[in-house]
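Visitor: Quick one: the structure is below, questions incoming.
The values are calculated or read from the model by the stated rules, or taken from the named source; none is laboratory data. Small disclaimer: the values here were computed from a predicted structure and weren't measured. Positions of Cβ are generated from backbone atoms using ideal geometry, with glycine treated the same way; all protein chains shown enter the neighbour counts.
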Amino acid sequence: MKKDHAADTDFALTHVSDSHRKGFWPMLVVMLGFTFFSASMWSGGKLGTGLTAWQLIATVMTGNLLLGCYTGLLASIAAKTGLSTHLLARFSFGEKGSYLPSFLLSITQVGWFGVGVAMFALPVQKVTGWNIHALIIGSGLLMTATAWFGFRALTILSFIAVPSIAILGSLSVGKAFTEFGGLDAWFAMTPSEPMGLFTAIGICVASFISGGTLTPDFTRFAKNKKTAVSTTVIAFFLGNSLMFLFGAVGAAFYQQSDISDVLMNQGMIVWAMVILGLNIWTTNDNALYASGLGFSNITGLPKKLVVLANGVIGTLAALYLYNNFVGWLSLLNTMLPSIGGILIADYFMVRKRLYGTLDDTHFDTVRPTAIIAWAAGVVAAKTLPGIAPVNSVLAAIGVYLVAEQLMGSIKSAESEAA
């Protein structure tokens, strides 16, 4: 029997309707709001102190090209089906099996939300002396309130935040060049503690691979595949690259990997608090939105209620998460990329782009081939040399295809024997 989801304008548990699909510009600002991520500037700061300018450019272009390819494939699937990451996982992982990727992805986003709240509140507290707990509770609840309104609120907020952060980052880079001798001075710099290129590319990819796996949560609203893929690739290749460059240039000249410290040295901290606050706000709303979809898949509860609960939890745990979650994220980044690899392999290679509607599809409870492939991706990320997230995706795809072939052969043999 078909379920009525007509009242769910965020389509948490069904396909996005054609009437709610968006064109190029609304999708582009949402995806740029997703990738204009303050943590990418922090990661860029780390690269800026360990790489030459040419190495940095090559690293950022390579890392974000890899991210663009990965997320572009996921965007294509989402635009065609109108389904979120969590609902797509039902085809490959099974109906109950999809709870594994939903839980891993969602708990990561709740964690990022808490980190983001603290990332905003701490610099403000440093400058103003205001009570840190009041800042965290106030900003966390405000971010949660806007996430309550769903995709439309994300679009409006992104239209404000994206140009603002682009202007701030450009001003910061321009001021650094003016004070220290311009591009020539930057290209002449050599790091005191050089970083290996594989390590640097790994940092670039790992900085957004978990978020990138959730690309379908947003691109399912795209009017068509061309819009979904083009806006996603632009956002990751251009938007995320700009974030890295904004963080790296200041770090190279001021020897401060924290963008807030760089902006403080430049006398731009007041504007920085406002604009970085907007930037973190968009990212945090995306995180809450995605986590709400994931936990809705697990619990069947309305997304808005789950968003409210996740926002309160993330806000109350913000300082703890800020101080402890980043280390755990390195573990999660080995556990998440293989999920996207399995979604890609199942849609393009196993089912040949032939997904039915949710109501007309009979899902297995759990599909062991996906669980095995996910585990193989985790092992590959932790043990193989090279770029860990890329190893995870490729291993998961390879193992999933082999496991599906073997499972098909076993079922054929059983049918013939019967």
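Visitor: Would you confirm, using the coordinates I've provided, whether residue 330 is at pLDDT 95 or above, in a helix (DSSP H, G or I), of a type in the set (Ser, Thr, Tyr) and closer than 21 Å to residue 104 by Cα?
Guide: In short, no.
Visitor: Quick one: would you say residue 16 is among the β-branched types (Val, Ile, Thr), out of contact with any strand residue (DSSP E or B) (no Cβ under 6 Å at 6 or more places or on another chain) and surrounded by 24 or more Cβ atoms within 10 Å (Cβ to Cβ)? Give the derivation first.
Guide: On the way: among the β-branched types (Val, Ile, Thr): yes; out of contact with any strand residue (DSSP E or B) (no Cβ under 6 Å at 6 or more places or on another chain): yes; surrounded by 24 or more Cβ atoms within 10 Å (Cβ to Cβ): no.
No.
Visitor: Something else: Of all residues being β-branched (Val, Ile, Thr) and at pLDDT below 90 in segment 109-151, which is farthest from the chain's Cα centre (by Cα)? Just the residue, please. Break it down stepwise before answering.
Guide: Of all residues in segment 109-151, those β-branched (Val, Ile, Thr) come to 110, 115, 117, 124, 127-128, 132, 136-137, 144, 146.
So of that shortlist, the ones also at pLDDT below 90 come out as 115, 124, 127-128, 146.
Details: 115: 14, 124: 25, 127: 30, 128: 31, 146: 19 Å.
Looking at residues that are β-branched (Val, Ile, Thr) and at pLDDT below 90, I get 128.
Visitor: Quick check, is residue 149 farther than 23 Å from residue 58 by Cβ and not in a helix (DSSP H, G or I)?
Guide: yes
Visitor: Does residue 241 satisfy the criteria of being touching a Pro at 6+ places or on another chain (Cβ under 6 Å) and hydroxyl-bearing (Ser, Thr, Tyr)?
Guide: no
Visitor: Step by step: first the residues of segment 181-208, then only those that are under 27 Å from residue 68 (Cα atoms), hydrophobic (A, V, I, L, M, F, W, C) and assigned to a loop (DSSP other than H, G, I, E, B), then the one that is modelled with the lowest pLDDT. Which residue is that?
Guide: 208
Residue by residue, here is whether (1) buried (at least 24 other Cβ atoms within 10 Å of the Cβ); (2) among the β-branched types (Val, Ile, Thr) holds:
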position	(1), (2)
23	no, no
41	yes, no
48	yes, no
61	no, no
75	yes, no
79	yes, no
97	no, no
109	yes, no
117	yes, yes
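Visitor: Separate question: Can you tell me how many residues in segment 136-148 are in contact with an Asp or Glu (Cβ under 9 Å, 6 or more places away or on another chain) and either surrounded by fewer than 22 Cβ atoms within 10 Å (Cβ to Cβ) or aromatic (Phe, Trp, Tyr) (or both)? If you could, list the steps in order and put the result at the bottom.
Guide: In the first step, residues of segment 136-148 are kept if they are in contact with an Asp or Glu (Cβ under 9 Å, 6 or more places away or on another chain); the result is 143-144, 146-147.
Subset that is either surrounded by fewer than 22 Cβ atoms within 10 Å (Cβ to Cβ) or aromatic (Phe, Trp, Tyr) (or both): 146.
Residues in segment 136-148 being in contact with an Asp or Glu (Cβ under 9 Å, 6 or more places away or on another chain) and either surrounded by fewer than 22 Cβ atoms within 10 Å (Cβ to Cβ) or aromatic (Phe, Trp, Tyr) (or both): 1 in total.
To keep it simple, each residue is scored yes or no on (1) modelled with pLDDT of 95 or more; (2) exposed (fewer than 15 other Cβ atoms within 10 Å of the Cβ); (3) in a helix (DSSP H, G or I).
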site	(1), (2), (3)
334	no, no, yes
353	yes, yes, no
372	yes, no, yes
376	yes, no, yes
379	yes, no, yes
398	yes, no, yes
401	yes, no, yes
405	yes, yes, yes
411	no, yes, yes
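Visitor: Here is a further query. Output the helices (runs of 4 or more DSSP H) that fall wholly within segment 222-288 and possess 1 or more residues being surrounded by 22 or more Cβ atoms within 10 Å (Cβ to Cβ) and in contact with a strand residue (DSSP E or B) (Cβ under 6 Å, 6 or more places away or on another chain), or say none. Walk me through how you get there before you give the answer.
Guide: On the way: elements: 225-234, 240-254, 259-265.
Ranges flagged: 225-234.
Visitor: Now for a different question. Just the residues that are without any contact (Cβ under 8 Å) to a residue 60 or more places away in the chain and more than 24 Å from residue 309 (Cβ to Cβ), please, taken from segment 127-148.
Guide: Those that are without any contact (Cβ under 8 Å) to a residue 60 or more places away in the chain and more than 24 Å from residue 309 (Cβ to Cβ): 128, 129, 130, 131.
Visitor: Of the conditions (1) under 23 Å from residue 86 (Cα atoms); (2) in contact (Cβ under 8 Å) with a residue 40 or more places away in the chain, residue 382 satisfies every one except a single condition; which number is it?
Guide: (1)
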